[in-house]
Amino acid sequence: MIQKIWFSFRQQNNSIKIYIVALIIFLLAISSIKILGSSVSLGGVYVSIVLFAIGFMIWMFNFVKKFLVQIQGKEKILKCIKFSWFIFHLWVLWLAAVYASKIVNVGLGLPASDFNFTTTFFTFVCYFPALLVSVVGFGLIIYLAAWIIFTFRFMFKKQAFFENFSIFHIVGFIIIISLLALGHDKFMSNVIVNAPKYVRYIAFQTDYQYLPMYLKQFPQIDNTVKIKLHENGVYSILKEQENGYELVVEKIE
């Protein structure tokens, strides 16, 4: 009996093997909470989650690799994929710019459109979370579309479509999507909380400048600090201090 199980296990591909090991670790961790303690059992659950994610990524890598082999020589399909990939990264870049605008606004309390260099800098920083949330969104769309295709093909009894498909792939997909969403939320929350410190430092070094010559006719403006002009005669000053930067907003009378 054990030999048959072991032989059957060895016949599986690498992703299925990892799924099986992950499932065994998960079941052992859950069933032995009273024996091992909650902390050890929780660690086992985390290990199983990571293994499920690894198994799904291996399966996805092999799936994409097989798909690319099948479309070799089909120039129209390759051009369509390249164009879609280009559009996808344009979307991610636009979303990163939106994130950067919000972060600059939170950090300064002023319109992000007035701080071109700072917003541009944080656009690069926000490319990573924008990529994560985009993968999550498009992944869910593909997931739902795949299930619609599965359902219709099953209704017409084309069972061959389900060959090499495992329920574990669904678990792995959900775990990957959840981890990406969690990573996005953690990254953005950390940046938002620390926005006043980071944004003001970058703005002080880039967008804020010392008093221009044409403004020296206004003696009420301190010409020893960096300022930034806004609309309707409003200007802001960032004063460097030991614990950060103090923002002062005033208006030229």
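The values are calculated or read from the model by the stated rules, or taken from the named source; none is laboratory data. These numbers come from a predicted model, not from an experiment. With ideal geometry, Cβ positions are generated from the backbone for all residues, glycine too; neighbour counts draw on all protein chains shown. These accessible areas exclude ligands, DNA and RNA; they are computed on the full protein's heavy atoms, side chains included. Shrake-Rupley method; radii C 1.70, N 1.55, O 1.52, S 1.80 Å.
Based on what the data block shows, is Leu238 at pLDDT 75 or above and surrounded by 12 or more Cβ atoms within 10 Å (Cβ to Cβ)? Even if it seems obvious, please write down each step before you answer.
Details: at pLDDT 75 or above: yes; surrounded by 12 or more Cβ atoms within 10 Å (Cβ to Cβ): yes.
Yes; evaluated as a whole, the condition is true for this residue.
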What do you reckon, is Val106 touching a residue at least 12 places away in the same chain (Cβ under 8 Å), surrounded by 13 or more Cβ atoms within 10 Å (Cβ to Cβ) and within 18 Å of Ile176 (Cα to Cα)? no
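Taking the condition modelled with pLDDT under 80, polar (S, T, N, Q) and open to solvent by 80 Å² or more (accessible area, probe 1.4 Å), does Ser41 pass?
On the way: modelled with pLDDT under 80: yes; polar (S, T, N, Q): yes; open to solvent by 80 Å² or more (accessible area, probe 1.4 Å): no.
Criteria not met by Ser41.
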Subset of region 48-65, residues touching a Phe, Trp or Tyr at 6+ places or on another chain (Cβ under 7 Å) and either within 21 Å of Ala146 (Cα to Cα) or open to solvent by 70 Å² or more (accessible area, probe 1.4 Å) (or both), comes to Phe52, Gly55, Phe56
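Given Gln209, Gln217, Gln205, which one is modelled with pLDDT of 80 or more, more than 20 Å from Ile103 (Cα to Cα) and open to solvent by 70 Å² or more (accessible area, probe 1.4 Å)?
Values: Gln217 fails: modelled with pLDDT of 80 or more; Gln205 fails: more than 20 Å from Ile103 (Cα to Cα).
Answer to the selection: Gln209.
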Might you let me know whether region 140-154 holds any residue that is farther than 23 Å from Gly172 by Cα, modelled with pLDDT under 90 and exposed (fewer than 11 other Cβ atoms within 10 Å of the Cβ)? no
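Inside region 110-121, can you point out the residues that are open to solvent by 10 Å² or more (accessible area, probe 1.4 Å) and not hydroxyl-bearing (Ser, Thr, Tyr)?
Our first condition is that a residue be open to solvent by 10 Å² or more (accessible area, probe 1.4 Å); within region 110-121, this holds for 110-114, 116-117, 119-121.
Once the filter is applied, which keeps residues that are open to solvent by 10 Å² or more (accessible area, probe 1.4 Å) and not hydroxyl-bearing (Ser, Thr, Tyr), region 110-121 yields Leu110, Pro111, Ala112, Asp114, Asn116, Phe117, Phe121.
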